[in-house]
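Worksheet: one structure, shown below.
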Amino acid sequence: MFDNGMEMEEKLQKSFSLAILENDALILDSYTALLKSMPRAYSLWKYFDIENLAADKIDVLIGKGFLALTTENYDLLKEYFAPKHIALLEYHAAQFDSFVELSKIFNGCCSPIFSAWNRK
């Protein structure tokens, strides 16, 4: 019984956090403050719907580390918020070595460069 209660609480926290992240109706100051109050476990999202957010909220999400470096996030930023996809890459620059999906993002155009990084 205890495990189910904890599981339910975690699902509710995650759901609530996601509802805040995807809420474009909040003013920027409130949005930023609410992000700071989220449990650390929900601070790096592999994917959520960002296409309906204002550009200033995207800046906050990237700058506060709420968007993981994934092909989904990269593609969404490139499609809806170019050139913010570059800001995502810059924020996660230290993770290039371990980012296995990077070649999918660039479709092999920069593979010699990234292959050299991976050999370090």
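The values are calculated or read from the model by the stated rules, or taken from the named source; none is laboratory data. All figures in this text were calculated on a predicted structure; none of them were measured in a lab. With ideal geometry, Cβ positions are generated from the backbone for all residues, glycine too; neighbour counts draw on all protein chains shown. Just the protein is used for accessible areas: all its heavy atoms, side chains included, with ligands, DNA and RNA removed. Shrake-Rupley method; radii C 1.70, N 1.55, O 1.52, S 1.80 Å.
Every condition in (1) open to solvent by 50 Å² or more (accessible area, probe 1.4 Å); (2) not in a helix (DSSP H, G or I) holds for Met38 except the one numbered (1).
Residues of region 59-73 being of a type outside the set (Phe, Trp, Tyr) and touching a Leu at 6+ places or on another chain (Cβ under 7 Å), which ones?
Val60, Leu61, Ile62, Lys64, Gly65, Leu67, Ala68, Leu69, Asn73
Among what's in region 41-72 and is under 14 Å from His85 (Cα atoms) and touching a strand residue (DSSP E or B) at 6+ places or on another chain (Cβ under 7 Å), pick the residue that is surrounded by the fewest Cβ atoms within 10 Å (Cβ to Cβ). Of everything passing the filter in region 41-72, Ala68 is surrounded by the fewest Cβ atoms within 10 Å (Cβ to Cβ).
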